[in-house]
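The values are calculated or read from the model by the stated rules, or taken from the named source; none is laboratory data. These figures come from a predicted structure and were not determined experimentally. Note: ideal-geometry Cβ built from the backbone for every residue, glycine included; neighbour counts use all protein chains shown. When the accessible area is computed, the model is the full protein with side chains, heavy atoms only, and any ligands, DNA or RNA have been set aside. Shrake-Rupley method; radii C 1.70, N 1.55, O 1.52, S 1.80 Å.
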Amino acid sequence: MAEYDLTSPLLSPRSSDQPQTVLTVDEDSEPSDQSPSNHQPPHQTHNDEKTTLTSSNPYAFLGSDAHSVPAPTTVDPFRNGTPLISGVYEAVKIVLCLPIMLLRLVLFGACLAVGYIATRIALEGWKDKQNPMPKWRCRIMWVTRICARFILFSFGYQWIRRKGKPAPREIAPIVVSNHVSYIEPIFYFYELFPTIVASESHDSMPFVGTIIRAMQVIYVNRFSPASRKNAVNEIKRRASCDKFPRVLLFPEGTTTNGKVLISFQLGAFIPGHPIQPIIVRYPHVHFDQSWGLISLAKLMFRMFTQFHNYMEVEYLPIIMPPDNEKLSAVHFAERTGQAMASALNVVQTSHSYGDLMLLMKAAELQQERPWSYMVEMARIESLYHISSLEAVDFLDKFLSMNPDTSGCVKLHDFSRGLRLKACKLSEEIFGFLDVEKNGSITFKQFLFGVAHVMKKPLFMQACELAFAECDVRGDNYCMKEELSNILRHAIPDLNEDEVHGLLNLFDSNNDGRISRDDFITCLRKNPLLIALFSPRLLQKDFSRGGDRMLQDIV
């Protein structure tokens, strides 16, 4: 029997290398008498299979060939299993627990207040945040830590099952954990009192922000490369100094439902220190304690109205960094992820925080199946270097094409979204994205196609050449008349309204002129539109510096 690791899918998607039924139609060529194979009838398919017609590739001039899109996944790592109160047992239990909830609320508020006061006392006058907190201040923080344990008690965690023990700080200065709820940071604050890595937005949270500062938090802006680099350097500095507490990171970068592990950020693994993984489980039957897209108030209410909430914490064996420096942090993260996934008995997917951003955006715009817009962003980022923010912008563009209830877009709506009329070029662009040739595209197909075009080394060169064609006066501004001629060269029967719509797309600030920045920015936001300039770029005979670039493109 073949062996599979925990990351192997249960059902293997059909490889793009497998043969498919393809009928190529070339309108410009005629059958030759000397080529008998040209007279062979097209392959007939049976069992109601569709014959696939391949159109010409509108991005061949960039060196692009046919691209593949991974099969869609049905895994939703962020969906809570019990978003609604259902069943007689759960309803009766909540009613019975309402008086208990009031007592728990009082306990929660009192502990939060006492812990906040103790933390303010511990932080009073402490200005040297670059060095470890003095021991006498840490002793005061024990009051807050005890309050944290009573807060867990108020949420229904009267006892917490532990397996294994935390390794000494001098042996494993960094610990990583899966992230399911807001409960884990409270538990680790009580159990380990570590230094944590958290988003900058946490600092402004009332009460909680003050307590986080007492943990000598390392703030990071996940969208700023400079901030991420500084955070990695600070992790390395503190992990190397025994006087600092151990460093705690949630490498997934966000909460999940605990049924899978999503891709790991590399901040914990780049410093190259030994790491102790910790896994957290929340066994349940009636109430899923994962955060998901449920509001904090609703999740707290459900926790307050349970007799008991189960939580299990397991400390795993230490994972040592690679001895060979050539082995990257990616390999270190993979080993750690495999160990955690094995202990949790789950798989690790290529989803990331970017998928949560896409999910929330689709839900915000009231899409019927918002989970269908997740694309496993970690894979796309590694393949095409498309950021999560760029993916959200492309989702905005896709949703403007009016997808149906299944999240698919037809040719007519696709063309209208790109401000193109129904023509041969728009059909070719649509056919380039429609890798399954079923007459509709998903957001995943749209994003992979856009990313594929943008990744081509000649894409930016083509953008520059296209602008040079429009900048006939050489003043770094595109002439609308010249741009109109180029657009009509690609789509001959464009009317004035259609040309005006495309011109407005390039003239984003509506000042009547299209600067180089406006032009390039428009093509970066709408990479598929570079196909509008291919006829001109391929036919124009440059007599000066453009010759070499044009030859590269051809």
Could you run through the stretch 325-377 and say how many residues are surrounded by 16 or more Cβ atoms within 10 Å (Cβ to Cβ) and either among the small types (G, A, S) or in contact with a strand residue (DSSP E or B) (Cβ under 8 Å, 6 or more places away or on another chain) (or both)?
-> 21
Is it fair to say A231 is under 25 Å from L123 (Cβ atoms), in contact with a Cys (Cβ under 9 Å, 6 or more places away or on another chain) and not β-branched (V, I, T)?
-> no
Name the pairs whose Cβ atoms lie under 7 Å apart, with the first residue in the stretch 421-443 and within 19 Å of S534 (Cβ to Cβ) and assigned by the TED database to the domain that holds F394, the second surrounded by fewer than 20 Cβ atoms within 10 Å (Cβ to Cβ) and among the aromatic types (F, W, Y), and 6 or more positions between them or separate chains?
-> none
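Residues are listed down the side, and each one gets a yes or a no for (1) among the hydrophobic types (A, V, I, L, M, F, W, C); (2) buried (at least 21 other Cβ atoms within 10 Å of the Cβ); (3) under 19 Å from I94 (Cβ atoms); (4) touching a residue at least 12 places away in the same chain (Cβ under 8 Å):
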{"residue": "L249", "(1), (2), (3), (4)": "yes, yes, no, yes"}
{"residue": "E252", "(1), (2), (3), (4)": "no, yes, no, yes"}
{"residue": "G258", "(1), (2), (3), (4)": "no, yes, no, yes"}
{"residue": "G272", "(1), (2), (3), (4)": "no, no, no, yes"}
{"residue": "I278", "(1), (2), (3), (4)": "yes, yes, no, yes"}
{"residue": "P283", "(1), (2), (3), (4)": "no, no, no, yes"}
{"residue": "F301", "(1), (2), (3), (4)": "yes, no, yes, yes"}
{"residue": "V313", "(1), (2), (3), (4)": "yes, no, no, yes"}
Identify the residue in the stretch 415-453 that is of a type outside the set (D, E, K, R) and open to solvent by 30 Å² or more (accessible area, probe 1.4 Å) and, among all such residues, is farthest from S372 (Cα to Cα).
-> A422
Looking at (1) over 30 Å from R222 (Cα atoms); (2) open to solvent by less than 50 Å² (accessible area, probe 1.4 Å); (3) more than 22 Å from the chain's Cα centre (by Cα), find the lone condition where R473 falls short.
-> (2)
Taking into account only those residues within the stretch 378-401 that are open to solvent by 20 Å² or more (accessible area, probe 1.4 Å) and among the polar types (S, T, N, Q), which is nearest to N80 (Cα to Cα)?
-> S387
Search result, residues across the stretch 288-299 that are open to solvent by 10 Å² or more (accessible area, probe 1.4 Å) and either under 13 Å from S177 (Cα atoms) or not β-branched (V, I, T) (or both) = W291, G292, L293, S295, L296, A297, K298
Taking the stretch 222-243 as the search range and keeping residues that are among the hydroxyl-bearing types (S, T, Y) and open to solvent by less than 60 Å² (accessible area, probe 1.4 Å), which one is nearest to K135 (Cα to Cα)?
-> S227
Failed item, numbered, when P225 is tested on (1) of a type outside the set (D, E, K, R); (2) within 27 Å of H331 (Cβ to Cβ); (3) free of Cβ contacts under 8 Å to residues at least 24 places away in the same chain; (4) touching a strand residue (DSSP E or B) at 6+ places or on another chain (Cβ under 7 Å) = (4)
Identify the residue in the stretch 196-217 that is of a type in the set (S, T, Y) and over 17 Å from I146 (Cα atoms) and, among all such residues, is most open to solvent (accessible area, probe 1.4 Å).
-> S204
Which one of these is under 17 Å from E312 (Cα atoms), in the same structural domain as V260 (by the TED database), touching a helix residue (DSSP H, G or I) at 6+ places or on another chain (Cβ under 7 Å) and not aliphatic (A, V, I, L, M): R149, R137?
-> R149
Restricting the first residue to the stretch 512-526 and requiring it to be in a helix (DSSP H, G or I), which pairs with a second residue that is among the β-branched types (V, I, T) meet a Cβ separation below 8 Å and a spacing of at least six or different chains?
-> L523/I530
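Going by the structure shown, is T305 farther than 26 Å from K165 by Cβ and not charged (D, E, K, R)? Working first, answer last.
Details: farther than 26 Å from K165 by Cβ: yes; not charged (D, E, K, R): yes.
It is true that T305 is farther than 26 Å from K165 by Cβ and not charged (D, E, K, R).
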How many residues does the stretch 190-214 hold that are more than 20 Å from E234 (Cα to Cα) and among the aromatic types (F, W, Y)?
-> 2
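Can you name the residue in the stretch 459-470 that is open to solvent by less than 30 Å² (accessible area, probe 1.4 Å) and not small (G, A, S) and is also nearest to H385 (Cα to Cα) among such residues? Talk me through it step by step, then tell me what you get.
Taking the stretch 459-470 first, the residues open to solvent by less than 30 Å² (accessible area, probe 1.4 Å) are 459, 462-463, 465-467, 469-470.
Those left that are additionally not small (G, A, S): 459, 463, 465, 467, 469-470.
On the way: F459: 14, C463: 19, L465: 23, F467: 24, E469: 29, C470: 29 Å.
Per the criteria, the residue is F459.
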Reported set for the stretch 163-195 where residues are open to solvent by 30 Å² or more (accessible area, probe 1.4 Å), part of a helix (DSSP H, G or I) and of a type in the set (A, V, I, L, M, F, W, C) is I186
If you check G156, G81, which single one turns out to be open to solvent by 40 Å² or more (accessible area, probe 1.4 Å), outside any helix (DSSP H, G or I) and of a type in the set (G, A, S)?
-> G81
